[in-house]
1. What's the number of the condition residue 153 fails, among (1) touching a residue at least 60 places away in the same chain (Cβ under 8 Å); (2) of a type in the set (A, V, I, L, M, F, W, C); (3) under 16 Å from residue 129 (Cβ atoms)?
2. What is the one condition in (1) more than 26 Å from residue 69 (Cβ to Cβ); (2) surrounded by fewer than 19 Cβ atoms within 10 Å (Cβ to Cβ) that residue 152 does not satisfy?
3. Filter the range 48-71 for residues that are at pLDDT below 90 and touching a helix residue (DSSP H, G or I) at 6+ places or on another chain (Cβ under 8 Å); which is surrounded by the most Cβ atoms within 10 Å (Cβ to Cβ)?
4. Among (1) under 19 Å from the mean Cα position of the chain (by Cα); (2) at pLDDT 80 or above; (3) closer than 29 Å to residue 234 by Cβ, where does residue 286 come up short?
5. If we scan the range 427-437, do we find a residue that is surrounded by fewer than 21 Cβ atoms within 10 Å (Cβ to Cβ), in contact with a Lys or Arg (Cβ under 9 Å, 6 or more places away or on another chain) and at pLDDT below 75?
6. Counting just the residues of the range 340-375 that are surrounded by fewer than 18 Cβ atoms within 10 Å (Cβ to Cβ) and β-branched (Val, Ile, Thr), which one comes out farthest from residue 304 (Cα to Cα)?
7. Filter the range 155-211 down to residues that are more than 18 Å from the chain's Cα centre (by Cα) and of a type in the set (Lys, Arg) and give me whichever is farthest from residue 117 (Cα to Cα).
8. Looking for whichever is acidic (Asp, Glu), over 23 Å from residue 415 (Cβ atoms) and buried (at least 16 other Cβ atoms within 10 Å of the Cβ) here; the options are 337, 318, 292. Which one fits?
Amino acid sequence: MPVHPEKELTMNPIRKNRLVLFAVGAITMLVLGPGSVAAALGKSVTMVPESFSELAKHARPAVVNIRTVKVTQEGGRVFQHFFGQPFGNNDPFREFLEPFLRQQPQRDYRQQSLGSGFIISSDGYIVTNNHVVAEADEITVKLYDDKEYDAKIVGTDPKTDLALIKVDAKGLDYLELGDSDALEVGTWVVAIGSPFGLEQTVTAGIVSAKGRIIGSGPYDDFIQTDASINPGNSGGPLLNLAGEVVGINTAITATGQGIGFAIPSKLATGIVDQLRTSGEVTRGWMGVAIQDITPELAEYYSLKEKSGVLVAKVYKNDPADRAGIVPGDVITHIKGDVVTSSRDLSSAIAGFGVGSKIPVTLIRKGSVKTVFVVLTKRSDTEPGEILSETGFDAFGLGLQPLDPVIAKKFGYSDGVQGLVVVEVKPEGKAASSGIRPGDLLTEVNHTKITSMDQYIEVLAGIKKGGTVQLLFRRGNTSFIAVRFIKE
(Lines give C-alpha, C1' and ligand atoms only; values in the text may rest on other atoms or scores of the structure.)
Protein backbone atom coordinates (compact mmCIF):
# COMPACT_ATOMS: atom_id res chain seq x y z
CA MET A 1 0.00 0.00 0.00
CA PRO A 2 1.22 3.55 -0.55
CA VAL A 3 3.25 4.90 2.27
CA HIS A 4 2.78 8.44 1.56
CA PRO A 5 0.69 11.36 1.11
CA GLU A 6 -2.70 12.58 1.93
CA LYS A 7 -4.55 9.26 1.67
CA GLU A 8 -2.37 7.56 4.28
CA LEU A 9 -1.21 10.44 6.44
CA THR A 10 -4.14 12.85 6.48
CA MET A 11 -5.55 11.55 9.74
CA ASN A 12 -2.23 10.26 10.98
CA PRO A 13 -0.68 11.53 14.21
CA ILE A 14 2.13 13.06 12.21
CA ARG A 15 -0.36 15.36 10.53
CA LYS A 16 -1.96 16.17 13.87
CA ASN A 17 1.46 16.94 15.31
CA ARG A 18 2.12 19.35 12.49
CA LEU A 19 -1.18 21.14 13.06
CA VAL A 20 -0.48 21.44 16.75
CA LEU A 21 2.95 22.79 15.98
CA PHE A 22 1.61 25.53 13.78
CA ALA A 23 -1.18 26.40 16.18
CA VAL A 24 0.59 26.14 19.52
CA GLY A 25 4.29 25.46 19.12
CA ALA A 26 5.37 28.60 17.25
CA ILE A 27 8.17 30.48 18.90
CA THR A 28 7.78 34.25 19.01
CA MET A 29 10.67 36.25 17.60
CA LEU A 30 11.75 39.76 18.55
CA VAL A 31 9.93 42.45 16.62
CA LEU A 32 12.57 44.53 14.92
CA GLY A 33 10.29 47.08 13.26
CA PRO A 34 8.94 47.59 9.73
CA GLY A 35 10.86 45.67 7.11
CA SER A 36 12.42 43.31 9.63
CA VAL A 37 12.68 39.56 9.12
CA ALA A 38 10.34 39.01 12.04
CA ALA A 39 7.75 41.30 10.52
CA ALA A 40 7.99 39.50 7.20
CA LEU A 41 7.41 36.19 8.98
CA GLY A 42 4.39 37.42 10.86
CA LYS A 43 6.51 37.71 14.03
CA SER A 44 6.75 33.93 14.44
CA VAL A 45 8.25 30.86 12.81
CA THR A 46 7.72 27.14 13.25
CA MET A 47 10.77 25.43 14.67
CA VAL A 48 11.73 21.74 14.99
CA PRO A 49 8.81 19.32 14.52
CA GLU A 50 7.76 17.59 17.73
CA SER A 51 8.68 14.20 16.31
CA PHE A 52 9.67 12.44 13.10
CA SER A 53 8.60 9.07 14.45
CA GLU A 54 5.27 8.81 12.62
CA LEU A 55 6.85 9.73 9.32
CA ALA A 56 9.63 7.19 9.88
CA LYS A 57 7.16 4.47 10.91
CA HIS A 58 5.15 4.88 7.72
CA ALA A 59 8.09 5.30 5.33
CA ARG A 60 10.59 2.70 6.54
CA PRO A 61 8.71 -0.38 5.20
CA ALA A 62 9.24 0.98 1.69
CA VAL A 63 13.00 1.58 2.09
CA VAL A 64 15.31 -1.31 1.24
CA ASN A 65 18.90 -2.38 1.73
CA ILE A 66 20.69 -3.39 -1.47
CA ARG A 67 23.65 -5.77 -1.55
CA THR A 68 25.50 -6.42 -4.79
CA VAL A 69 28.19 -8.82 -5.89
CA LYS A 70 30.46 -8.42 -8.89
CA VAL A 71 32.42 -11.50 -9.90
CA THR A 72 35.84 -10.98 -11.48
CA GLN A 73 38.26 -13.61 -12.67
CA GLU A 74 41.86 -13.20 -11.64
CA GLY A 75 44.82 -15.49 -11.20
CA GLY A 76 47.98 -16.61 -13.03
CA ARG A 77 49.93 -13.40 -13.59
CA VAL A 78 47.75 -11.58 -11.10
CA PHE A 79 48.71 -14.17 -8.48
CA GLN A 80 52.34 -13.54 -9.33
CA HIS A 81 51.84 -9.79 -9.11
CA PHE A 82 50.49 -9.93 -5.56
CA PHE A 83 52.64 -12.71 -4.18
CA GLY A 84 55.46 -12.45 -6.70
CA GLN A 85 59.14 -11.95 -5.94
CA PRO A 86 60.14 -11.86 -2.28
CA PHE A 87 63.80 -11.53 -3.26
CA GLY A 88 63.20 -8.69 -5.74
CA ASN A 89 64.21 -8.78 -9.38
CA ASN A 90 67.13 -11.12 -8.59
CA ASP A 91 64.87 -13.77 -7.09
CA PRO A 92 66.78 -17.08 -7.53
CA PHE A 93 63.50 -19.01 -7.58
CA ARG A 94 61.93 -16.86 -10.32
CA GLU A 95 63.10 -18.98 -13.23
CA PHE A 96 61.87 -22.11 -11.50
CA LEU A 97 58.49 -20.77 -10.34
CA GLU A 98 57.44 -18.55 -13.26
CA PRO A 99 56.23 -21.34 -15.59
CA PHE A 100 54.20 -22.78 -12.73
CA LEU A 101 52.66 -19.42 -11.82
CA ARG A 102 51.71 -18.66 -15.41
CA GLN A 103 49.83 -21.94 -15.66
CA GLN A 104 47.70 -21.32 -12.57
CA PRO A 105 43.97 -21.23 -13.41
CA GLN A 106 42.12 -17.95 -12.94
CA ARG A 107 40.12 -17.63 -9.75
CA ASP A 108 36.79 -15.95 -9.13
CA TYR A 109 36.85 -12.93 -6.82
CA ARG A 110 33.59 -11.58 -5.41
CA GLN A 111 33.50 -7.82 -4.92
CA GLN A 112 30.65 -6.81 -2.62
CA SER A 113 29.02 -3.41 -2.09
CA LEU A 114 26.11 -1.95 -0.16
CA GLY A 115 23.53 0.70 -0.91
CA SER A 116 19.92 1.73 -0.40
CA GLY A 117 16.79 2.09 -2.45
CA PHE A 118 13.05 2.62 -2.14
CA ILE A 119 10.01 0.82 -3.52
CA ILE A 120 7.80 2.86 -5.88
CA SER A 121 5.09 0.29 -6.67
CA SER A 122 3.36 -2.58 -4.92
CA ASP A 123 4.65 -5.03 -7.54
CA GLY A 124 8.31 -4.49 -6.69
CA TYR A 125 9.85 -1.68 -8.74
CA ILE A 126 12.69 -0.07 -6.79
CA VAL A 127 14.62 3.15 -7.44
CA THR A 128 18.29 3.42 -6.51
CA ASN A 129 21.53 4.93 -7.82
CA ASN A 130 23.23 3.59 -10.90
CA HIS A 131 26.54 3.40 -9.06
CA VAL A 132 24.96 1.06 -6.50
CA VAL A 133 24.07 -1.63 -9.06
CA ALA A 134 26.32 -0.89 -12.04
CA GLU A 135 27.97 -4.04 -13.46
CA ALA A 136 26.59 -6.16 -10.60
CA ASP A 137 26.29 -9.89 -11.24
CA GLU A 138 24.07 -10.43 -8.20
CA ILE A 139 21.65 -8.02 -6.54
CA THR A 140 19.91 -8.85 -3.27
CA VAL A 141 17.20 -6.64 -1.79
CA LYS A 142 16.40 -6.83 1.90
CA LEU A 143 13.10 -5.41 3.13
CA TYR A 144 12.23 -3.87 6.48
CA ASP A 145 10.81 -7.20 7.71
CA ASP A 146 14.08 -9.01 6.83
CA LYS A 147 12.61 -10.72 3.76
CA GLU A 148 15.14 -10.98 0.95
CA TYR A 149 14.63 -11.08 -2.80
CA ASP A 150 16.87 -11.39 -5.82
CA ALA A 151 16.54 -8.33 -8.01
CA LYS A 152 17.12 -7.67 -11.68
CA ILE A 153 18.05 -4.42 -13.38
CA VAL A 154 15.22 -2.92 -15.43
CA GLY A 155 17.30 0.00 -16.71
CA THR A 156 19.99 2.49 -15.77
CA ASP A 157 20.91 6.06 -16.63
CA PRO A 158 24.57 6.79 -15.81
CA LYS A 159 24.25 10.47 -16.77
CA THR A 160 21.91 11.12 -13.83
CA ASP A 161 23.16 8.18 -11.72
CA LEU A 162 19.69 6.65 -11.51
CA ALA A 163 18.68 3.01 -11.82
CA LEU A 164 15.45 1.03 -11.68
CA ILE A 165 15.49 -2.56 -10.40
CA LYS A 166 12.70 -5.05 -9.70
CA VAL A 167 11.94 -7.90 -7.34
CA ASP A 168 9.31 -10.58 -7.85
CA ALA A 169 6.85 -9.66 -5.11
CA LYS A 170 3.31 -8.34 -4.65
CA GLY A 171 1.50 -6.16 -2.14
CA LEU A 172 4.57 -4.17 -1.07
CA ASP A 173 4.46 -0.83 0.70
CA TYR A 174 5.77 1.94 -1.52
CA LEU A 175 6.66 5.61 -1.63
CA GLU A 176 5.56 8.20 -4.15
CA LEU A 177 7.67 10.83 -5.85
CA GLY A 178 6.76 14.37 -4.80
CA ASP A 179 7.47 17.82 -6.21
CA SER A 180 11.04 18.89 -5.50
CA ASP A 181 10.37 22.28 -7.10
CA ALA A 182 8.07 23.06 -4.17
CA LEU A 183 10.93 22.60 -1.71
CA GLU A 184 12.27 25.74 -0.14
CA VAL A 185 15.66 26.27 1.45
CA GLY A 186 15.23 25.69 5.19
CA THR A 187 12.50 23.06 4.75
CA TRP A 188 12.74 19.97 6.98
CA VAL A 189 13.64 16.72 5.23
CA VAL A 190 14.27 13.15 6.41
CA ALA A 191 16.76 10.65 4.93
CA ILE A 192 16.37 6.89 5.35
CA GLY A 193 18.93 4.32 4.26
CA SER A 194 21.76 2.01 5.23
CA PRO A 195 24.83 4.12 6.02
CA PHE A 196 27.88 1.88 6.51
CA GLY A 197 25.50 -1.08 6.19
CA LEU A 198 23.44 -0.02 9.21
CA GLU A 199 19.97 -0.72 7.85
CA GLN A 200 16.91 1.49 8.32
CA THR A 201 18.79 4.48 9.70
CA VAL A 202 16.68 7.64 9.93
CA THR A 203 18.26 11.11 9.97
CA ALA A 204 16.70 14.56 9.71
CA GLY A 205 17.88 17.99 8.62
CA ILE A 206 16.95 20.86 6.38
CA VAL A 207 17.33 21.73 2.73
CA SER A 208 20.54 23.73 2.76
CA ALA A 209 20.50 24.76 -0.90
CA LYS A 210 19.05 23.85 -4.29
CA GLY A 211 20.48 23.67 -7.77
CA ARG A 212 23.93 22.62 -6.64
CA ILE A 213 26.47 21.73 -9.35
CA ILE A 214 29.12 19.35 -8.04
CA GLY A 215 30.73 18.26 -11.29
CA SER A 216 29.28 14.77 -11.44
CA GLY A 217 27.72 15.08 -14.89
CA PRO A 218 25.93 17.25 -17.45
CA TYR A 219 22.65 17.24 -15.53
CA ASP A 220 23.87 18.33 -12.10
CA ASP A 221 21.02 19.97 -10.20
CA PHE A 222 21.36 18.63 -6.68
CA ILE A 223 19.47 19.33 -3.47
CA GLN A 224 21.97 20.01 -0.70
CA THR A 225 20.98 18.90 2.79
CA ASP A 226 22.52 18.64 6.23
CA ALA A 227 20.50 15.51 7.02
CA SER A 228 23.24 13.00 7.80
CA ILE A 229 24.13 11.03 4.67
CA ASN A 230 27.03 8.59 4.56
CA PRO A 231 28.35 5.75 2.37
CA GLY A 232 25.54 3.22 2.08
CA ASN A 233 22.82 5.89 1.96
CA SER A 234 23.21 6.05 -1.82
CA GLY A 235 19.91 5.43 -3.55
CA GLY A 236 17.79 5.99 -0.45
CA PRO A 237 14.95 8.51 -0.28
CA LEU A 238 14.98 12.09 0.94
CA LEU A 239 11.46 12.76 2.23
CA ASN A 240 9.44 15.86 3.00
CA LEU A 241 7.18 15.93 6.04
CA ALA A 242 4.26 14.64 3.95
CA GLY A 243 6.13 11.40 3.34
CA GLU A 244 6.83 12.15 -0.32
CA VAL A 245 10.19 11.45 -1.94
CA VAL A 246 11.66 14.79 -2.97
CA GLY A 247 15.18 13.53 -3.63
CA ILE A 248 17.35 10.46 -4.10
CA ASN A 249 20.40 10.56 -1.83
CA THR A 250 23.45 10.28 -4.05
CA ALA A 251 26.65 12.01 -2.97
CA ILE A 252 28.57 13.42 -0.05
CA THR A 253 31.53 15.76 0.22
CA ALA A 254 34.90 14.04 0.30
CA THR A 255 35.66 15.35 3.79
CA GLY A 256 32.28 14.26 5.17
CA GLN A 257 31.42 17.57 6.80
CA GLY A 258 27.69 16.90 7.09
CA ILE A 259 26.87 17.98 3.56
CA GLY A 260 24.92 15.60 1.35
CA PHE A 261 23.42 15.84 -2.10
CA ALA A 262 20.24 14.35 -3.54
CA ILE A 263 18.88 14.11 -7.08
CA PRO A 264 15.63 16.16 -7.26
CA SER A 265 12.47 14.13 -7.69
CA LYS A 266 11.42 16.31 -10.63
CA LEU A 267 14.47 15.14 -12.58
CA ALA A 268 14.08 11.55 -11.40
CA THR A 269 10.39 11.21 -12.30
CA GLY A 270 10.84 11.40 -16.06
CA ILE A 271 13.93 9.18 -15.98
CA VAL A 272 12.21 6.50 -13.89
CA ASP A 273 9.15 6.57 -16.17
CA GLN A 274 11.33 5.99 -19.23
CA LEU A 275 13.29 3.21 -17.56
CA ARG A 276 10.08 1.50 -16.49
CA THR A 277 8.56 1.77 -19.96
CA SER A 278 11.51 0.99 -22.21
CA GLY A 279 14.49 0.13 -20.02
CA GLU A 280 16.50 3.06 -21.35
CA VAL A 281 16.53 6.84 -21.46
CA THR A 282 16.37 8.82 -24.69
CA ARG A 283 16.97 12.56 -24.53
CA GLY A 284 15.96 15.24 -26.95
CA TRP A 285 18.76 16.69 -29.06
CA MET A 286 18.61 20.22 -30.44
CA GLY A 287 21.96 20.32 -32.19
CA VAL A 288 23.62 23.44 -30.80
CA ALA A 289 26.72 24.28 -28.80
CA ILE A 290 25.89 26.95 -26.23
CA GLN A 291 27.54 29.14 -23.63
CA ASP A 292 26.46 31.49 -20.87
CA ILE A 293 26.24 35.22 -21.44
CA THR A 294 29.15 37.20 -19.99
CA PRO A 295 28.86 40.96 -19.40
CA GLU A 296 31.11 41.45 -22.42
CA LEU A 297 28.91 39.27 -24.64
CA ALA A 298 25.79 41.01 -23.35
CA GLU A 299 27.30 44.36 -24.33
CA TYR A 300 28.52 43.07 -27.66
CA TYR A 301 25.08 41.76 -28.62
CA SER A 302 23.28 44.80 -27.12
CA LEU A 303 21.37 42.70 -24.60
CA LYS A 304 19.52 44.71 -21.96
CA GLU A 305 19.91 41.92 -19.41
CA LYS A 306 22.53 39.24 -18.91
CA SER A 307 20.09 36.41 -19.49
CA GLY A 308 19.63 33.64 -21.98
CA VAL A 309 22.34 31.54 -23.59
CA LEU A 310 24.41 32.25 -26.66
CA VAL A 311 24.38 29.83 -29.58
CA ALA A 312 28.05 29.30 -30.37
CA LYS A 313 27.57 26.69 -33.06
CA VAL A 314 24.73 25.02 -34.93
CA TYR A 315 25.36 21.46 -36.10
CA LYS A 316 24.57 21.00 -39.75
CA ASN A 317 21.31 19.20 -40.60
CA ASP A 318 20.39 18.85 -36.92
CA PRO A 319 17.07 20.16 -35.49
CA ALA A 320 18.26 23.71 -34.71
CA ASP A 321 19.76 24.07 -38.19
CA ARG A 322 16.53 22.91 -39.81
CA ALA A 323 14.57 25.37 -37.67
CA GLY A 324 16.71 28.29 -38.82
CA ILE A 325 18.74 28.94 -35.65
CA VAL A 326 22.17 30.44 -36.39
CA PRO A 327 25.36 31.12 -34.40
CA GLY A 328 25.06 34.38 -32.48
CA ASP A 329 21.37 33.87 -31.61
CA VAL A 330 20.57 34.28 -27.91
CA ILE A 331 17.97 31.78 -26.67
CA THR A 332 15.82 33.29 -23.90
CA HIS A 333 12.83 30.93 -23.57
CA ILE A 334 12.05 27.26 -24.19
CA LYS A 335 8.34 26.54 -24.48
CA GLY A 336 7.64 29.74 -22.54
CA ASP A 337 10.02 28.95 -19.67
CA VAL A 338 12.82 31.43 -19.05
CA VAL A 339 16.35 30.21 -19.80
CA THR A 340 18.97 31.84 -17.61
CA SER A 341 21.95 29.56 -18.16
CA SER A 342 23.33 26.89 -20.45
CA ARG A 343 22.50 24.31 -17.81
CA ASP A 344 18.85 25.44 -17.84
CA LEU A 345 18.68 24.93 -21.58
CA SER A 346 20.44 21.57 -21.52
CA SER A 347 18.17 20.22 -18.78
CA ALA A 348 15.04 21.55 -20.44
CA ILE A 349 15.82 19.99 -23.82
CA ALA A 350 16.80 16.69 -22.20
CA GLY A 351 13.39 16.60 -20.53
CA PHE A 352 11.50 16.58 -23.83
CA GLY A 353 10.89 13.38 -25.71
CA VAL A 354 12.27 12.61 -29.12
CA GLY A 355 9.98 14.07 -31.79
CA SER A 356 8.71 16.89 -29.57
CA LYS A 357 8.05 20.16 -31.38
CA ILE A 358 8.99 22.98 -29.05
CA PRO A 359 8.83 26.76 -29.45
CA VAL A 360 12.18 28.49 -28.95
CA THR A 361 12.26 32.24 -28.33
CA LEU A 362 15.48 33.98 -29.28
CA ILE A 363 17.05 37.36 -29.89
CA ARG A 364 18.78 37.96 -33.21
CA LYS A 365 20.45 41.31 -33.82
CA GLY A 366 18.16 43.00 -31.33
CA SER A 367 14.94 41.46 -32.65
CA VAL A 368 12.87 38.85 -30.83
CA LYS A 369 11.59 35.89 -32.81
CA THR A 370 10.22 32.40 -32.18
CA VAL A 371 11.10 29.26 -34.10
CA PHE A 372 9.87 25.71 -33.70
CA VAL A 373 12.39 22.92 -33.24
CA VAL A 374 11.55 19.22 -33.67
CA LEU A 375 13.92 17.29 -31.40
CA THR A 376 15.75 14.14 -32.40
CA LYS A 377 17.44 11.51 -30.25
CA ARG A 378 20.62 12.57 -28.52
CA SER A 379 23.58 10.24 -28.85
CA ASP A 380 26.08 9.84 -26.02
CA THR A 381 28.80 10.57 -28.58
CA GLU A 382 27.08 13.72 -29.85
CA PRO A 383 29.29 16.82 -29.83
CA GLY A 384 28.37 20.06 -28.15
CA GLU A 385 28.43 19.55 -24.40
CA ILE A 386 27.71 22.56 -22.24
CA LEU A 387 30.40 25.23 -22.54
CA SER A 388 31.60 27.34 -19.66
CA GLU A 389 31.28 31.10 -19.73
CA THR A 390 34.50 32.97 -20.42
CA GLY A 391 35.66 36.57 -20.83
CA PHE A 392 38.87 37.44 -22.67
CA ASP A 393 41.07 40.31 -23.88
CA ALA A 394 42.46 40.93 -27.37
CA PHE A 395 45.53 43.21 -27.72
CA GLY A 396 49.15 42.15 -27.68
CA LEU A 397 48.42 39.37 -30.15
CA GLY A 398 50.32 37.79 -33.00
CA LEU A 399 47.78 37.19 -35.79
CA GLN A 400 47.83 35.62 -39.21
CA PRO A 401 45.15 34.70 -41.77
CA LEU A 402 43.45 31.34 -41.34
CA ASP A 403 44.55 28.88 -44.02
CA PRO A 404 43.40 25.27 -44.55
CA VAL A 405 46.41 23.83 -42.72
CA ILE A 406 45.93 25.98 -39.62
CA ALA A 407 42.16 25.49 -39.75
CA LYS A 408 42.63 21.73 -39.65
CA LYS A 409 45.18 21.98 -36.85
CA PHE A 410 42.83 23.93 -34.59
CA GLY A 411 39.66 22.12 -35.66
CA TYR A 412 37.87 24.91 -37.52
CA SER A 413 35.27 23.79 -40.02
CA ASP A 414 35.26 24.65 -43.69
CA GLY A 415 34.12 28.17 -44.53
CA VAL A 416 35.16 29.78 -41.23
CA GLN A 417 37.11 33.00 -41.80
CA GLY A 418 39.21 35.25 -39.59
CA LEU A 419 42.65 35.81 -38.12
CA VAL A 420 44.12 33.10 -35.95
CA VAL A 421 46.10 33.92 -32.81
CA VAL A 422 49.59 32.47 -33.15
CA GLU A 423 51.24 34.35 -30.27
CA VAL A 424 50.24 36.13 -27.06
CA LYS A 425 52.81 38.59 -25.72
CA PRO A 426 53.33 38.35 -21.95
CA GLU A 427 53.33 42.15 -21.51
CA GLY A 428 50.26 42.72 -23.67
CA LYS A 429 46.68 43.23 -22.54
CA ALA A 430 45.76 39.81 -23.87
CA ALA A 431 48.18 38.16 -21.47
CA SER A 432 45.77 38.61 -18.58
CA SER A 433 42.66 37.97 -20.64
CA GLY A 434 43.00 34.26 -21.36
CA ILE A 435 43.27 34.60 -25.14
CA ARG A 436 45.49 31.81 -26.37
CA PRO A 437 47.03 30.51 -29.59
CA GLY A 438 44.40 28.94 -31.77
CA ASP A 439 41.64 31.45 -30.94
CA LEU A 440 40.17 33.03 -34.07
CA LEU A 441 39.39 36.75 -34.38
CA THR A 442 36.24 37.03 -36.52
CA GLU A 443 34.82 40.52 -35.88
CA VAL A 444 35.87 44.00 -34.74
CA ASN A 445 32.98 46.26 -33.73
CA HIS A 446 30.59 43.98 -35.62
CA THR A 447 32.65 44.14 -38.82
CA LYS A 448 33.70 40.72 -40.09
CA ILE A 449 37.45 40.32 -40.38
CA THR A 450 38.92 38.16 -43.15
CA SER A 451 42.42 39.62 -43.66
CA MET A 452 45.20 41.48 -41.85
CA ASP A 453 44.72 44.52 -44.08
CA GLN A 454 41.06 44.71 -43.16
CA TYR A 455 41.89 44.31 -39.48
CA ILE A 456 44.41 47.17 -39.61
CA GLU A 457 41.97 49.32 -41.57
CA VAL A 458 39.14 48.83 -39.09
CA LEU A 459 41.39 49.60 -36.11
CA ALA A 460 42.71 52.71 -37.85
CA GLY A 461 39.17 53.97 -38.25
CA ILE A 462 38.54 53.92 -34.49
CA LYS A 463 39.43 57.21 -32.78
CA LYS A 464 41.64 57.43 -29.74
CA GLY A 465 39.50 56.82 -26.66
CA GLY A 466 36.97 54.94 -28.75
CA THR A 467 35.58 51.53 -27.89
CA VAL A 468 37.08 48.46 -29.53
CA GLN A 469 34.99 45.31 -29.32
CA LEU A 470 36.55 42.08 -30.52
CA LEU A 471 34.81 38.79 -31.13
CA PHE A 472 36.79 35.52 -31.12
CA ARG A 473 35.95 31.90 -31.75
CA ARG A 474 37.54 29.05 -29.88
CA GLY A 475 37.29 25.93 -31.99
CA ASN A 476 33.85 25.54 -33.50
CA THR A 477 31.87 25.74 -30.30
CA SER A 478 32.62 28.93 -28.37
CA PHE A 479 32.51 32.71 -28.76
CA ILE A 480 34.62 35.16 -26.76
CA ALA A 481 33.94 38.91 -26.71
CA VAL A 482 36.29 41.51 -25.26
CA ARG A 483 36.14 45.28 -24.97
CA PHE A 484 38.91 47.91 -24.90
CA ILE A 485 39.36 51.63 -25.07
CA LYS A 486 41.77 52.54 -27.88
CA GLU A 487 44.81 54.31 -26.50
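1. For residue 153, the failing item is (1).
2. Going through (1) more than 26 Å from residue 69 (Cβ to Cβ); (2) surrounded by fewer than 19 Cβ atoms within 10 Å (Cβ to Cβ) one by one, residue 152 breaks only (1).
3. The selected residue is 49.
4. Unmet condition: (3).
5. Checked against the condition, which is being surrounded by fewer than 21 Cβ atoms within 10 Å (Cβ to Cβ), in contact with a Lys or Arg (Cβ under 9 Å, 6 or more places away or on another chain) and at pLDDT below 75, the range 427-437 yields at least one hit.
6. 354
7. 170
8. Being acidic (Asp, Glu), over 23 Å from residue 415 (Cβ atoms) and buried (at least 16 other Cβ atoms within 10 Å of the Cβ) holds for just one of 337, 318, 292, which is 292.
The values are calculated or read from the model by the stated rules, or taken from the named source; none is laboratory data. From a predicted model like this one, the values you see are computed outputs, not experimental measurements. All Cβ positions, glycine included, derive from the backbone under ideal geometry; neighbour counts span all protein chains shown.
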